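Structure incoming, see below.
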Amino acid sequence: MQWTTFFESLAKLEPDDEFVSGRPGGLSPELAGQVADDIATKLNLNACDTLLDYGSGTGVITRALATRVSSTTAADMTKAVVNRGIEGGGDIEWVVLGNDNPDLSCSFTKLLSYYNAQSFTTHTEVREHIEVLCKSVAPGGTVMFGDIPDRERSNQWKSGERGREENRTTWMGRLQKRDIDLERNQRDLAAFTDRLKGLGIEAPPEFGKPHPGFDRDIVTRMFRELGGEVTIVTQPIEFPNAHTSVDYVVHFNE
């Protein structure tokens, strides 16, 4: 609820849609377009798909995806954010999530949850979110649970046989790039924090702090227990959280 209240205030007081997003520091149209291209590829979006963006914010990524599918629904828990999304236009059906949720069960061939992980602090909360996502995807459909803080990546080193090859080859190169990304993120976050102070908005305590990450084996098992086939995909290196996050692309059989 703390995050919902935060975004409710932000949507009412912040005039620039770029900053009414799930990403501390804002989400520029350019970055949103890059993210949308990456999502479209990983989800294998096509003109026959029905898409649900669950936790869509004002829909800057949703709008970039809507032109690639037959129908699009954007859902968010914050009414003021949904209202801002409607004002932004696009051929999108908007839904306010809450106690009187519409029935979204088994309705969508492709389902996206992106930039939502800041509100999860435990694996139990992740499980609850995953269960909601899995109820909404149609048989044979695909879920992308994206930009998820990864415990192994947050610790900057992989353990066991699975990570040995990446440690030895590409990982050090990513760490060199990581220093640049962190400097940019810190500048963006500092500017956004000043913006919040000017609006008189208090962010949740977790805002902008490094996330310890989730155990990918646990998250994978959660999806598998619900019938999904999981592929874990790294983000493009130029993405802000590429050094600490991964995307889960999960296919369900018909």
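Considering only the stretch 202-254, how many residues are buried (at least 17 other Cβ atoms within 10 Å of the Cβ), over 17 Å from the mean Cα position of the chain (by Cα) and over 17 Å from GLY140 (Cβ atoms)?
2
Of a type outside the set (Phe, Trp, Tyr) and crowded, with 18+ Cβ neighbours inside 10 Å: is that true of THR78 in this structure? Working first, answer last.
Working: of a type outside the set (Phe, Trp, Tyr): yes; crowded, with 18+ Cβ neighbours inside 10 Å: yes.
So THR78 passes the test.
Look at the stretch 45-65 and say how many of its residues are over 12 Å from LYS110 (Cα atoms) and surrounded by 20 or more Cβ atoms within 10 Å (Cβ to Cβ).
Kept after step one, since they are over 12 Å from LYS110 (Cα atoms), are these residues of the stretch 45-65: 55-64.
After this cut, where a residue has to be surrounded by 20 or more Cβ atoms within 10 Å (Cβ to Cβ) as well, the list is 55-63.
Looking only at that region, the number is 9.
Something else about it: Please find, within the stretch 1-43, the residue that is modelled with the highest pLDDT out of those that are surrounded by fewer than 15 Cβ atoms within 10 Å (Cβ to Cβ) and among the hydroxyl-bearing types (Ser, Thr, Tyr).
Among those residues, the one meeting the criterion is THR41.
Checking ASP194 against (1) assigned to a helix (DSSP H, G or I); (2) at pLDDT 80 or above; (3) among the charged types (D, E, K, R); (4) surrounded by 12 or more Cβ atoms within 10 Å (Cβ to Cβ), only one condition comes out false. Which one?
So ASP194 meets the others, but not (4).
Return yes when GLY33 is in contact (Cβ under 8 Å) with a residue 40 or more places away in the chain, among the small types (Gly, Ala, Ser) and either over 18 Å from ALA117 (Cα atoms) or in a loop (DSSP other than H, G, I, E, B) (or both) and no when it is not. Spell out the reasoning first.
Numbers: in contact (Cβ under 8 Å) with a residue 40 or more places away in the chain: no; among the small types (Gly, Ala, Ser): yes; either over 18 Å from ALA117 (Cα atoms) or in a loop (DSSP other than H, G, I, E, B) (or both): yes.
Criteria not met by GLY33.
Shifting gears a bit: Considering each residue of the stretch 212-229, count those that are closer than 16 Å to ASP147 by Cβ and either of a type in the set (D, E, K, R) or assigned to a strand (DSSP E or B) (or both), and give that number.
2
Within the stretch 1-29, can you find the residues that are free of Cβ contacts under 8 Å to residues at least 40 places away in the same chain and outside any helix (DSSP H, G or I)? Can you show your working first?
At the first step, the residues of the stretch 1-29 found to be free of Cβ contacts under 8 Å to residues at least 40 places away in the same chain are 1, 5, 15-16, 28-29.
Within the stretch 1-29, MET1, PRO15, ASP16, SER28 qualify.
Here's another thing I want to ask about it. Please enumerate the residues belonging to the stretch 53-84 that are among the small types (Gly, Ala, Ser), touching a residue at least 24 places away in the same chain (Cβ under 8 Å) and not in a strand (DSSP E or B).
Residues of the stretch 53-84 that are among the small types (Gly, Ala, Ser), as a first pass: 55-57, 59, 64, 66, 70-71, 74-75, 80.
Keeping just the survivors that are touching a residue at least 24 places away in the same chain (Cβ under 8 Å) gives 55-57, 59, 64, 66, 75, 80.
If the condition is that a residue be among the small types (Gly, Ala, Ser), touching a residue at least 24 places away in the same chain (Cβ under 8 Å) and not in a strand (DSSP E or B), then GLY55, SER56, GLY57, GLY59, ALA64, ALA66, ALA80 are the ones that fit.
The values are calculated or read from the model by the stated rules, or taken from the named source; none is laboratory data. Since we're looking at a predicted model, the values are computed, not measured. Quick reminder, even Gly has a Cβ in these numbers, built from the backbone with ideal geometry, and neighbours come from all protein chains shown.
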